[in-house]
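Enquirer: One structure, as structure tokens, below. Some questions next.
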Amino acid sequence: MPRASSAALLACLTLGACAHVRPADTRLPAAFEAPQGQPAGAVALDRWWLAFNDPVLSGLIDQALTANPDARSAAARLDEARANRVEALVHFLPQGDAAGSTRETHTRKLAGTTISFPGFSNNGQSDAASASFNVSWEVDVFGRLLAARKAVNGDIAAARFNYEGARASLAAQVADAYFQSRGLAIQLGDARESARIERLLYDAATKRANAGLAASADADRVAGDLAQADAQAAGLEADLQVQRRTLLILAGRTVEPTANVAVEASVGVAPPVPAAIPAELLARRPDVREAHARIASAAGRSDADILSLLPTISFTPGLGWSKNSQPGFASTTQNWSLGGAITQPILSIPKLLAELKAQNARLEQAVTAYEKAVQTAFSESEGALVRLDADRRRVALLTDGEARARRGYQASRIGYDHGLTDLQTALGAEQSWRATRTQLTAAQVQALRRTVQAYKALGGGWPAERFPTDKQAR
């Protein structure tokens, strides 16, 4: 009776110390401060790239999600987590292996006394065969299976969200590289056009100088500008080729020539970003969901460490069969056994308590990591939306400025051709227009890239509705 009371007291004390998960601080503002004019659902976040209506972009992303090493590595990690889950849970099922053996022995007496009586002979042939099937089953009285299941389910959920996060990040990388390449294609076209115009201006300045209508220094100055324009075009051509190679690598098409990537020299208009509230990040962001799943995994391991202080009860049934034959003797037997064992940690308790303390510290780290993931998600989303709004306003201003600068350049060019303005005025107007146009292109590309960042920051790029919420998963 005292032993039973002691065991019951230990069980109560241990179970009373179940892992306590500190509530994570996930407080977020009720709304983003960045302007949001689009209704919720205006763009499907699951496959946000379809909103750009660009078959080339959609094809590159689909190829990357299938063939890119990062996507395949994430898929392999998910498969590993699934296999580890099965391995961990199968441990609580009955374990046992069948064993069998047979042996034939030939003995020839060379000298001495020959002995032959039932059960022992030193001369002749003897045969032996046996088979057994022994089972060991840990009886889960205190809920170790539930703790293990909680841990491995958290692991597989974390791997699943890591997989979705890797795919979402990959889609954003492809889109970002694609829009950079389109911006480079525009800039390359502008640079070539600038070189063409500089060449025409050089020819005109040379003719005017030969006719005595302008100084020869004007032609020399245009020649310098022409060399700069040609050099800029050569640099942009190299940058575009590098960006195309990046796209092929992301899409898993490394061996193909860069000419296989069609890059249109246009920007287009960035699609709208759906209105969202910060609280939605907890369900939409795969990295936040992954961090939350790791809390469940760590809590399950803490529960398992607590339960390791309790007794382990094992049930060990078995079956056996054997056959022996010797000269003048033969025997066949069969047996079955039914046994049990109980193990109670005593001297190992300090070690188990230290392991529990370390696991509780890891649980606290998981909670803190979840809080940081939530804060990072809000920071990235708020920052992307604010910058996107600024980029859109910048594009609007530069669009108007580029139109005015272009009209000014056209007027000065006409004046120069008719001898009404000097070369300095014409070049200044062209330089102003080209600079404004370059800024506009850069702003338009940046707005597209910022749109991609906003989609990713809001948790786009994976089908969140396929997965239950954290509350439902518990």
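Enquirer: Shape call for segment 331-414 from the C-alpha gyration tensor, a ≥ b ≥ c root eigenvalues: rounded (a/c under 1.5), prolate (a/b greater than b/c) or oblate?
Expert: prolate
Enquirer: On to the next question. Out of 352, 312, 262, whose Cα points farthest toward the positive end of the dipole of segment 248-385 (charges: +1 Lys, Arg; -1 Asp, Glu; placed on Cβ)?
Expert: Ranked along the dipole, the leading option is 312.
Enquirer: On alpha-carbon atoms, Rg over Rh for segment 166-325 using Kirkwood Rh?
Expert: In segment 166-325, Rg relative to Rh is 1.46.
Enquirer: A further question follows. Any idea what the relative contact order of the chain is, in percent, if you count C-alpha pairs under 8 Å spaced at least 6 apart?
Expert: Relative contact order here is 26 percent.
Enquirer: Could you name the aspartates and glutamates in cross-link range of residue 207, using Cα to Cα under 17 Å and dropping any fewer than eight places away on the same chain?
Expert: 198, 218, 220, 417, 422
Enquirer: Could you work out the equivalent-ellipsoid semi-axes for segment 347-467, taking the square root of 5 times each eigenvalue of the Cα gyration tensor, largest first, in whole Å?
Expert: Working from the Cα gyration tensor, I get semi-axes of 61, 15, 9 Å.
Enquirer: Based on the Kirkwood radius over alpha-carbon pairs, what value in µm²/s does the Stokes-Einstein equation return for the translational diffusion coefficient of the chain at 4 °C and 1.567 mPa s?
Expert: Value of D from the Cα-based Kirkwood radius: 44 µm²/s.
Enquirer: What value, in deg cm²/dmol to 500, does the helix sum -39500 (n - 2.57) over DSSP H runs of n ≥ 4 give at 222 nm once divided by the residues of the chain?
Expert: That comes out to -21500 deg cm²/dmol.
Enquirer: Across every pair of different alpha-carbon atoms, what Kirkwood hydrodynamic radius in Å does segment 132-232 reach?
Expert: Across segment 132-232, the inverse of the average 1/r is 20.4 Å.
Enquirer: Using a 1.4 angstrom probe on heavy atoms only, work out the carbon and sulfur share of the accessible area of the chain in %.
Expert: Carbon with sulfur: 57 percent of the solvent-accessible area.
Enquirer: Rolling a 1.4 Å sphere over the protein heavy atoms, what is the accessible area per residue of the chain, to the nearest Å²?
Expert: 55 Å²
Enquirer: Could you work out how far helix 286-307 tilts from the main Cα principal axis of the chain, as a 0 to 90 degree angle to the nearest 10?
Expert: 20 degrees
Enquirer: Which net charge results for the neighbourhood of residue 276, defined as the other residues with beta-carbon distances under 12 angstrom from its beta-carbon, given Lys and Arg at +1 and Asp and Glu at -1?
Expert: 0
Enquirer: Let me ask you something else. Could you derive backbone 3J(HN,Hα) for segment 444-455 from the dihedral phi with the Karplus parameters 6.51, -1.76 and 1.60 (θ = phi - 60°), listing whole Hz in sequence and x where the residue is Gly or Pro?
Expert: 5, 5, 5, 5, 5, 5, 5, 4, 4, 4, 5, 4
Enquirer: Roughly what angle does helix 144-210 make with the longest principal axis of the chain, taking Cα atoms, 0 to 90 degrees, to the nearest 10?
Expert: 20 degrees
Enquirer: Another question, then. Which of the aspartates and glutamates could be linked to residue 372 by a straight reach, that is with a Cα gap under 17 Å, when you skip same-chain ones fewer than 8 residues away?
Expert: List returned: 25, 280, 287, 290, 364, 380, 382.
Enquirer: Also: How many angstrom separate the Cα center of segment 231-293 from the Cα center of segment 171-196?
Expert: About 13 Å separates the Cα centre of segment 231-293 from the one of segment 171-196.
Enquirer: Under 12 Å between alpha carbons, and skipping anything fewer than 8 positions from residue 357 in its own chain: which aspartates and glutamates qualify?
Expert: Those aspartates and glutamates meeting the cut-off are 303, 305.
Enquirer: What does the C-alpha gyration tensor say about the overall shape of segment 124-189? Classify as rounded when a/c is under 1.5, otherwise prolate if a/b is larger than b/c, or oblate.
Expert: The shape class here is oblate.
The values are calculated or read from the model by the stated rules, or taken from the named source; none is laboratory data. In this text, all values refer to a predicted model and were calculated from it rather than measured experimentally. Quick reminder, even Gly has a Cβ in these numbers, built from the backbone with ideal geometry, and neighbours come from all protein chains shown. Heavy atoms of the whole protein, side chains included, go into the accessibility calculation; ligands, DNA and RNA do not. Shrake-Rupley method; radii C 1.70, N 1.55, O 1.52, S 1.80 Å.
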